[in-house]
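First comes the structure, then the notes that go with it.
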Amino acid sequence: MARVVLIGNLAQLTGGVAEFQISATSVKHLFQQLAEAHPALAPHLEEGVAVAIDGQIYQDSLFEPIKPDSEVFILPQIAGG
Amino acid sequence: MADNKIGADHKIGAETNGHTDGQSNGAHYVGTRTIRPDGVDKVTGRARFGADYNLPGQLVGRVLRSPHPHARIVSIDTSRAEALPGVKAVVTRADFGDQPSEFIPAGEMMMNYKDVVRNVMAREKALYEGHAVAAVAATSVAIARKALKLIDVKYEVLPHVIDVVEAMRPDAPLLHDDLFTVGVEPKPDKPSNIAKRLEIKVGDVEAGFKKADLIVEREFKTAPVHQGYIEPHAALATVSEDGSVELWTTTQGHFIVRAHCARLLGLDISKVRVTATEIGGGFGGKTVVYLEPLAIALSKKAKRPVKMVMSREEVFKASGPTSGATVRVKLGATRDGKFTAGFAELKYQAGAFQGSPVQPGTMCAYAPYDIEHVHVIGYDVVSNRPKVAAYRAPGAPISEYAVESVVDEIAKKLGLDPIQLRMMNAARVGTKAAYGPKFGPIGLEETLNSIKKTEHWNTPLRKWQGRGVASGFWFNIGGETTVSLTLNEDGTVSLMAGTPDIGGLRAALASVAADELGVPVEKVRPIIGDTGSVGFNFLTGGSRSAFSGSMAIVEAAKQIKSELVARACKLWEAKPDQVEFKDGAVRPLGALAEKVKPMTVAEFGKLSGKLGGPIGGVGRINAQGAGPSFGTHLVDLEVDPETGRTTILRYTVAQDAGRALHPAYVEGQYQGGAVQGIGWALNEEYIYGDDGKLQNAGFLDYRMPVASDVPMIDTILVEVGNPKHPYGVRGVGETPIVPPLGAIANAMEAATGIRFTELPMSPPKVLKALRDKGLDKA
């Protein structure tokens, strides 16, 4: 199962739990499972977060695949000036 | 949507040219210094910037702005202004429907449309001096100015607060009755100026500090600074009787402008067509809307085009600078120099509405270093100043200035070379970033090594001269990008991109297209299309445009090459395995080569009509795989102890570009960021009076470096290829502004023996510090 870690304030919406083991094949699948388990997370996942999968950061990429042994971080979205 | 993992059939990184198809004339343009396609127009004055557009019958638009930093707007009476001959329209808050609270991602700063509509035009309150309260459209500048004076606004003046620490006090004047701090438990029941508390945490910093032989803790303060673009905001809008809108504006993101204006004015997106004019600088400050919705609303009312241009004073008072901040840093190290723990607390001004770049500030603070235990807390705080906007690596220069200053102090106290100390602790491939994921291939070490090898680093200095070094980082992004390539009937290529060109995009993309298709770069004409001509593009920012634009070009070129091969097969009655695209032509293979000759891209263009119709490709991607860019800066400066004035003697930038598509433009980004950092460190600050009004709203008193203030900035292009990009490209535009503040502060310490913890280190402050220590005698 993939190791999923919430960065920043998102853990406040999961009762302080920042790390999960989740079986998900894509970012979309991951978000669905997180939202089902912690509904307060759902609007934040929809509003825009970045997802780092095995070191690579993805943004707005729902179909990005997640492997069974992936390390996934859910981060605040990033842009720049 | 195209597969964004385009590297599969392209060699990647800096080891190769990054493409498999060579040139028919043997030339490769990527990595060379081609002539910029916008150069002639810009040097002759022909280029059309925001204020250069005009339409027949256009009116002049002007904005009435609050003279108070904080006031309730009791009433607005526009009747006298409307009655003035020559005034064709007046708009106020009544002309903009309220927006429900809805956060949308705007890069790293979430924005709320409820705040956006209030920033564009004040509703209940004026929240900063310069806040728009009304706008008029008139037949001349003189009439417009007179009309503004005839608008009667009744204000109930309220106490104001500017400084971020002052604004955080429980008894500070409150800007918003409905702002409750997010990110604290229990949830507060009283509103506050603290919009958000956030943190990132890795490991256990207390345990880490126990392992340290040396701990340095310092507090730093930075002032708000403006992006300082030479070109003020400008917009020209015309609304036709069927409600469709045409808008010309100087912007970093015309699709974003379209979305904002459509939302604020209740329009279908398809009815708004926006052209991004040439832009005289943006640096993040032109990623939002100010004049555009006003110009459209005025034009709709007046039934004539309306043109609006900000004065420089308005730019300072009414457009978003970056945050001022207070930052506390605590860093522990062993006596050998290994960092054991890093803590920081960041308090950033957001301006009148929430949304400072404190989030990326927390993530970037310790990003260059491999530290097991990190804890960074950030506060997003509103105060009576213009709402901040992005400024090049938003948030990072502030936090990394503080950390790099403390790193330097640790180096001195441990008797270690500052570059060696950074090397010992540098993030490398596989290092876990403080914000979570592990880094892939990155070039921080290479930049440090490059600096160490320079003649600059080894040049001796004299008294009152000092040398400083600092490193910095930005994540970079990709994002939604559409580029079209069209093969014209004379064999030339039209390239249409959709991200405004603020730093050489057209030149870079033309080189990529030329290499991909095997045509001379002079035959590729790049333009930036308006929102009606090209598919959606996210704004130019986040160092994304060359990275993602070139990926989209590769995709578009692939489509063209595939089409040419298919047509050749039909023409030659051949199978696909009997032909290939190579060196700018479709070539027959094997026995077929004895029967037919190769056909070039240009020849296909000439025959396109006969062979099936127009030939083109569109790359439509959501580019992923952006690689971070690390940089290290080295600066020598000299302080005049009699005046406190600092002169930059020498400056070298080493930064990882992955692969420089156009080296001159990449060097320009390095130099520009360095100069902006020099200004930020040594001179620039917003100066407010006790009345909350800006005292230096002009370039004379808001002193930015000009060409004569700085030496040539030397540059070293490090290229550690980004494995996720077909050419190995990393964005480069943000990182160059991150290291200068720390590097210059460290050089000042070396020159004077004084650790300056407040920016800017302007002559009066330096002189005072020297006098306080009795050092002002030369």
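Under 37 °C and 0.692 mPa s, how fast does the protein assembly as shown diffuse according to Stokes-Einstein, given a Kirkwood radius computed over C-alpha pairs? Answer in µm²/s, whole number. Value of D from the Cα-based Kirkwood radius: 117 µm²/s. Extending 7 Å from Cα along the Cβ direction at A:Gln32 and again at A:Lys67 yields two label points whose distance is 2.3 nm. Couplings 3J(HN,Hα) of the range B:624-641, computed from phi: 10, x, 4, x, x, 10, 9, x, 10, 10, 10, 9, 10, 9, 10, 9, 8, x Hz, in residue order, whole Hz [Karplus 6.51 cos²θ - 1.76 cosθ + 1.60, θ = phi - 60°; x for Gly and Pro]. With q set to 0.14, 0.18, 0.25 Å⁻¹, the log10 of I(q)/I(0) for the range B:409-509, from the Debye formula over equal scatterers at the Cα positions, is -0.81, -1.00, -1.35. Each residue of the range B:87-98 was assigned a 3J(HN,Hα) from its phi angle through the Karplus curve 6.51 cos²θ - 1.76 cosθ + 1.60 (θ = phi - 60°); the sequence is 8, 10, 6, 9, 10, 9, 4, 5, 8, 10, x, 5 Hz, with glycine and proline shown as x. Separation of the range B:366-441 and the range B:203-253, taken as the distance between their Cα centroids, equals 17 angstrom. Modelled spin labels at B:Ser140 and B:Val182, positioned 7 Å past Cα toward Cβ, are 5.0 nm from each other. With a threshold of 22 Å on the Cα-Cα distance, the over-threshold entries among A:Lys28/B:Lys271; B:Lys201/B:Lys347; B:Lys125/B:Lys387 are A:Lys28/B:Lys271.
How large is log10 of I(q)/I(0) for chain B at q = 0.07, 0.08 Å⁻¹ when the intensity is taken from the Debye formula with one equal scatterer per alpha-carbon? These q points yield log10 I(q)/I(0) values of -0.54, -0.70.
Put in line by how crowded their Cβ is, counting other Cβ atoms within 10 Å and starting with the fewest, B:His725, B:His662 read B:His662, B:His725. The alpha-carbon of B:Lys561 sits under 21 angstrom from the alpha-carbons of these lysines, leaving out residues fewer than 8 places away in its chain: B:Lys5, B:Lys11, B:Lys523, B:Lys570, B:Lys575, B:Lys582, B:Lys597, B:Lys606, B:Lys610.
Say the cut-off is 25 Å between C-alpha atoms; which of B:Lys338/B:Lys452; B:Lys42/B:Lys558; B:Lys317/B:Lys773; B:Lys412/B:Lys432; B:Lys190/B:Lys286 go over it? Over 25 Å Cα-Cα: B:Lys42/B:Lys558; B:Lys317/B:Lys773; B:Lys412/B:Lys432; B:Lys190/B:Lys286. For B:Gly50, neighbours were defined as the other residues whose beta-carbon sits under 13 Å from its Cβ, and their charges (Lys and Arg +1, Asp and Glu -1) total -1. Summing Lys, Arg as +1 and Asp, Glu as -1, what charge do residues with Cβ under 12 Å from the Cβ of B:Leu265 carry, B:Leu265 excluded? Residues near B:Leu265 contribute +2 overall.
Take each residue in A:53-64, count the other chain C-beta atoms within 10 Å of its C-beta, and the mean is 6.
Quick check on chain B: helices-only [θ] at 222 nm, where DSSP H runs of length 4 and up contribute -39,500 (n - 2.57) each and the sum goes over total residues. Nearest 500, please.
So the helix-based figure for chain B works out to -8000 deg cm²/dmol.
DSSP beta bridges fully contained in the protein assembly as shown are about 75 percent antiparallel. Taking a ≥ b ≥ c as the square roots of the eigenvalues of the Cα gyration tensor of the range A:2-76, is the shape rounded (a/c under 1.5), prolate (a/b larger than b/c) or oblate? In terms of gyration-tensor shape, rounded. Calculation over all alpha carbon pairs of the range B:542-685 in 10 angstrom steps from 0 returns a P(r) of 9, 25, 19, 16, 13, 10, 6, 2, 0 percent.
Since every read-out is calculated from the coordinates, none of them should be taken as a lab result. The structure displayed is predicted, hence computed values, not measured ones. Note: ideal-geometry Cβ built from the backbone for every residue, glycine included; neighbour counts use all protein chains shown.
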